[in-house]
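First comes the structure, then the notes that go with it.
The values are calculated or read from the model by the stated rules, or taken from the named source; none is laboratory data. All of these numbers come straight from a predicted model, not from anything done at the bench. Cβ atoms come from the backbone with ideal geometry, glycine included; neighbour counts cover every protein chain shown.
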Amino acid sequence: MIDDLKPQINTAEIRKRLHLDKDSDEWQSVEEMIDQAAGVIRPKAVYKLCYIDRKEDNAVLIKGVRLQSRVLRKNLEPVERVFPFVITIGPELEEMARSCDDYLEQYYFDTIANVALQDTIQCLRTALQNQYKLEKLSYMSVGSLEDWPLSEQRPLFSLLGDVEAAIGVRLAPSMLMHPAKSESGIFFPAETTFFNCQLCPRDNCESRKAAFDPEMAREYGLTG
């Protein structure tokens with residue numbers, strides 16, 4: 001369990017997502033909200049170093065737990081060890097957003113929280129790279145692609161023990177996580193950086209990190 005992650009909230013990314021001019025009065029207000037958010041987020045992560053038991057056609061077995069995903073299986077072809085993880089920024093920022101009567105302010109806080117979570121994931125990536133002397137790490141998150149749906153949350157969580165006791169993240173019957181600003185997945189060594197976005201054709205996604213790659217989707221067997 002890691003509870004000393006210190007993400008630097010990416011203000012440029014927040015401003016980009018909100019489409020605000022840096023000299024506008026509205027942006028000045030958002031900057032104050034970012035300062036408030038930085039004071040209440042409580043980043044925590046739990047992870048485990050695991051070795052792959054077996055690779056099947058469209059699944060991998062890790063410590064006896066079967067994870068079903070064609071994309072995950074292909075990404076782990078050259079890999080022997082992986083790092084399942086769950087990470088959160090805590091419930092405090094969500095609670096702050098809910099306490100706002102202004103729906104626009106709620107939206108601003110939500111955007112700040114999403115960016116803070118992504119920045120916290122990058123902190124975890126750096127921590128793992130330093131700890132295990134790894135040059136590059138990519139990751140896949142559960143539920144980000146149809147090929148690895150939210151139903152895979154339970155087996156992933158089972159690899160990590162009592163996640164709720166460790167960092168306060170629990171699974172609802174729907175397989176959504178609480179607090180909502182949490183993410184689960186697997187880090188793995190990779191020669192080239194992999195983004196789930198490269199295989200997702202969804203338009204107008206503010207969290208997109210890379211363009212949809214139709215050729216790559218065909219390579220992974222996700223399109224005809």
| said: Can you tell me which condition residue 71 does not meet? The list is (1) surrounded by 20 or more Cβ atoms within 10 Å (Cβ to Cβ); (2) hydrophobic (A, V, I, L, M, F, W, C); (3) modelled with pLDDT under 90; (4) under 25 Å from residue 165 (Cα atoms), and all the others hold. | reply: (4)
| note | Selection over segment 31-89 where residues are touching a Ser or Thr at 6+ places or on another chain (Cβ under 9 Å) and within 30 Å of residue 100 (Cβ to Cβ) yields a count of 11
| field | In segment 103-150, the residues that are among the acidic types (Asp, Glu), in a helix (DSSP H, G or I) and closer than 25 Å to residue 72 by Cβ | value | 119
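Residue-wise test of (1) surrounded by fewer than 16 Cβ atoms within 10 Å (Cβ to Cβ); (2) among the aromatic types (Phe, Trp, Tyr).
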| residue | (1), (2) |
| --- | --- |
| 7 | no, no |
| 12 | yes, no |
| 19 | yes, no |
| 22 | yes, no |
| 32 | yes, no |
| 37 | no, no |
| 43 | no, no |
| 47 | no, yes |
| 50 | no, no |
| task | Run down 151, 158, 141 and say which single residue is within 28 Å of residue 10 (Cα to Cα) and surrounded by fewer than 17 Cβ atoms within 10 Å (Cβ to Cβ). | result | 141
